[in-house]
Amino acid sequence: MGALASYRPVDPHEIEMVRLTREFVGSHEDCFERSQSAGHVTGSAWIVDLDREYVLLTHHLKLGKWLQLGGHADGDPDVLAVALREAREESGLEEIRPLSKGIFDVDVHRIPRRGDEKEHLHFDVRYLLEADRRHALRLTSESRGLAWVKVAEVERLTREESVLRMVRKTFLLPR
């Protein structure tokens with residue numbers, strides 16, 4: 001994953017997340033496969049509106065939290081393509097475009113045990129995408145809710161540090 005090698009994290013926590021992800025990818029040939037029981041690479045979409053004032057969040061059904069859209073790579077090493085696919089599937093938006101081919105953020109988080117699925121890690125690689133918030137959204141079975149939220153108000157919905165870090169990064173984007 002060449003983009004990971006050149007990515008520069010922004011704070012000490014993200015530095016550690018990138019180190020862990022590089023180590024995992026470098027030591028697991030099957031890092032993009034959901035069958036890798038220790039964990040796997042996932043691709044996420046931090047979708048901002050055209051004015052960079054809103055971000056699209058989903059209230060994740062299984063985790064019960066407001067998060068960015070995203071999902072499993074399922075064998076695809078092109079994590080930007082994974083993020084775009086997941087963004088379209090989970091939002092119903094067709095016109096979503098990357099603002100950069102570079103990585104926007106990296107996080108590693110624990111996914112709790114559910115049914116037959118053991119607790120494992122998601123090595124989440126996030127990309128900055130853009131969409132027009134005037135287009136209709138479509139809620140899927142993976143989500144309890146889907147909403148454009150003012151970037152300045154995301155903290156009202158979540159205290160997840162990795163989400164709040166992306167909020168801080170969004171404030172630095174050119175408008």
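Counted by neighbouring Cβ atoms within 10 Å, the residues Ser44, Ser143 run from fewest to most as Ser143, Ser44. Listed from fewest to most Cβ neighbours within 10 Å, the set Ile111, Ile47, Ile15 follows the order Ile15, Ile111, Ile47.
Amide H contacts of Arg34: Asp74, Gly75, each under 5 Å away and 5 or more positions distant or on a separate chain (H built 1.01 Å from N in the peptide plane; Pro and chain starts excluded). Two decimals is fine: what is log10 I(q)/I(0) at q = 0.19, 0.22 Å⁻¹ for the range 117-175, from a Debye sum with one equal scatterer on every Cα and no solvent? Taking Cα atoms of the range 117-175 as identical point scatterers yields -1.02, -1.26. Considering only Ala83, Gly145, His28, and ranking their Cα positions along the charge dipole of the range 2-171 that arises from unit charges at the beta-carbon of Lys, Arg, Asp and Glu, the one farthest toward the positive end is Gly145. Stokes-Einstein diffusion of the range 1-85 at 20 °C, 1.002 mPa s viscosity, Kirkwood radius from Cα pairs, rounded to a whole number: 150 µm²/s.
Spatially, the range 71-99 and the range 101-175 are offset by 13 Å when compared through their Cα centroids.
Net charge in the neighbourhood of Glu161 (other residues with Cβ under 14 Å of its Cβ; Lys, Arg +1, Asp, Glu -1) is -1.
Taking Cα centre as origin and charging only the Cβ of basic (Lys, Arg, +1) and acidic (Asp, Glu, -1) residues, the dipole magnitude of the chain rounds to 500 debye. Counting every other Cβ atom within 10 Å of each residue's Cβ, Tyr127, Tyr54 order from fewest to most as Tyr54, Tyr127.
No lab work stands behind these numbers, since they all come straight from the coordinates. Owing to the predicted nature of the structure, the values given are computational and were not obtained by experimental measurement. No Cβ is skipped: glycine too gets one built from the backbone with ideal geometry, and neighbour counts run over all protein chains shown.
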